[in-house]
Amino acid sequence: MTGLQDRLTPEQVEEFGRELDALRQRIVDDLGQEDVDYIHDIIKKQRGLEVAGRALLFAGFFPPAWLAGVGALSLAKILDNMEIGHNVMHGQYDWTRDPALSSQRFEWDTVAPAENWRHSHNYIHHTYTNIVDKDRDVGYGILRMDTAQKWHPYYLGNPVYATLLAIFFQWGVMLHDLEVENVVKGERSWADNVPVLRRILRKASRQVGKDYVLFPLLTGPLAPLTFLGNATANLTRNLWAFAIIFCGHFPADVESFTEEETSEESRGQWYLRQILGSANITGGPLFHILSGNLSHQIEHHLFPDIPARRYPQIAGEVRAICEKYGLPYHTGPLRKQLWSVAKKIVKLALPAPQSPATVEPDRQLRAA
């Protein structure tokens, strides 16, 4: 990792920041009815898929109907999680003044309460992106995803923990808000978690009741098949969300940072950190929609409150700005990014000798 201060001169950082500010302002000034129509259309399609999926499960005794129902319900949950919930709760549509699109009122179809998630994701993650010991999304409190995280025998289970996190991702996101690792370190008390835990129990009970009690019971003798169908749809959504999120944050070329080098950073330096700490995933229009346009993670980290449908429109300009200043623009197909993440998870499960030749030069200098 090369230090942030070594990438550009102070003058270049200022100009770099101004160019990205200008790009953002141009998009903000252009927001209008097309953006509103787009998100309403996605919501309409999501609801249609959910209704179709749940209706088809009433004919679950017929295997093709069960499979179609699970497929439709899986797509509905993915859209609700990625393109609708994640983006609406980022405040991307607050400018519409539509209560249904309010970041403070929206609740998504997952066990993680929106209020908790807005704090851990919108504030902590997007403020301290990839700053080790500040951004809790680096390892989610259970994984070793950076060499700066001191190795412990516990991390030998890295691949197992990652697999379990992928399978139960919505539950991992829910528990993430308890900050258990900070409680263990004495930096947070269990008393601090009381309101967080109340929201978790309230939301999780509703979700479990809906997916695993109410809807199965409504299908009568087909309840076990409906239970299995809902579980499969949740699993599909979990695996998909895990893959997209980890591929946007943890491929090999993505960089991390220290608190020291990011203290008192300017707007331009903040932009620089977002670019160096993110990666995109290439794909077609449908792929981008199903990813919530988090396949454009670089653009999302730069402008998290701009409607995600705009990211493909500005990706070329962001890449050109990166090339102008000699900055990397990490991108690649899903299979490449996923393989890179998998290799990192396995590699960081093992202790690595930290000889002077292998420790990052900038960290050696800062340690000195």
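The values are calculated or read from the model by the stated rules, or taken from the named source; none is laboratory data. This is a predicted model, so every value here is computed, not measured. Cβ placement follows ideal geometry from the backbone for every residue including glycine, while neighbour counts extend to all protein chains displayed.
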Residue list for segment 247-257, filter: of a type in the set (A, V, I, L, M, F, W, C), surrounded by 20 or more Cβ atoms within 10 Å (Cβ to Cβ) and either touching a Pro at 6+ places or on another chain (Cβ under 9 Å) or in a loop (DSSP other than H, G, I, E, B) (or both): Phe250, Val254
Scan of segment 264-301 for residues that are β-branched (Val, Ile, Thr) and under 18 Å from Leu23 (Cα atoms), ordered by number: Ile275, Ile298
Residue match in segment 226-243 (condition: crowded, with 23+ Cβ neighbours inside 10 Å, aliphatic (A, V, I, L, M), closer than 26 Å to Leu20 by Cα and in contact (Cβ under 8 Å) with a residue 60 or more places away in the chain): no
Ile306, sole failed condition from (1) surrounded by fewer than 21 Cβ atoms within 10 Å (Cβ to Cβ); (2) part of a loop (DSSP other than H, G, I, E, B): (1)
Some residue of segment 187-197 being at negative phi and in contact (Cβ under 8 Å) with a residue 24 or more places away in the chain: yes
Any hit, segment 86-105, residues being in a helix (DSSP H, G or I) and within 24 Å of Ile167 (Cβ to Cβ): yes
Residue satisfying condition, being surrounded by 18 or more Cβ atoms within 10 Å (Cβ to Cβ), without any contact (Cβ under 8 Å) to a residue 60 or more places away in the chain and more than 26 Å from the chain's Cα centre (by Cα), within set Leu8, Leu56: Leu56
Within segment 258-279, tally of residues that are outside any helix (DSSP H, G or I) and touching a Lys or Arg at 6+ places or on another chain (Cβ under 9 Å): 2
Residue within segment 131-145 that is part of a helix (DSSP H, G or I) and either modelled with pLDDT of 95 or more or surrounded by 17 or more Cβ atoms within 10 Å (Cβ to Cβ) (or both) present: no
Gln149, sole failed condition from (1) in contact (Cβ under 8 Å) with a residue 60 or more places away in the chain; (2) over 22 Å from Val254 (Cα atoms); (3) in a loop (DSSP other than H, G, I, E, B): (2)
Contacts under 6 angstrom Cβ, first residue in segment 16-34 being touching a residue at least 24 places away in the same chain (Cβ under 8 Å), partner outside any helix (DSSP H, G or I) and surrounded by 12 or more Cβ atoms within 10 Å (Cβ to Cβ), 6 or more apart: Phe16/Tyr325; Arg24/Phe303; Ile27/Ile306
Subset of segment 179-205 [under 23 Å from Leu239 (Cα atoms), surrounded by 14 or more Cβ atoms within 10 Å (Cβ to Cβ) and at pLDDT 90 or above]: Ile200, Lys203, Ala204
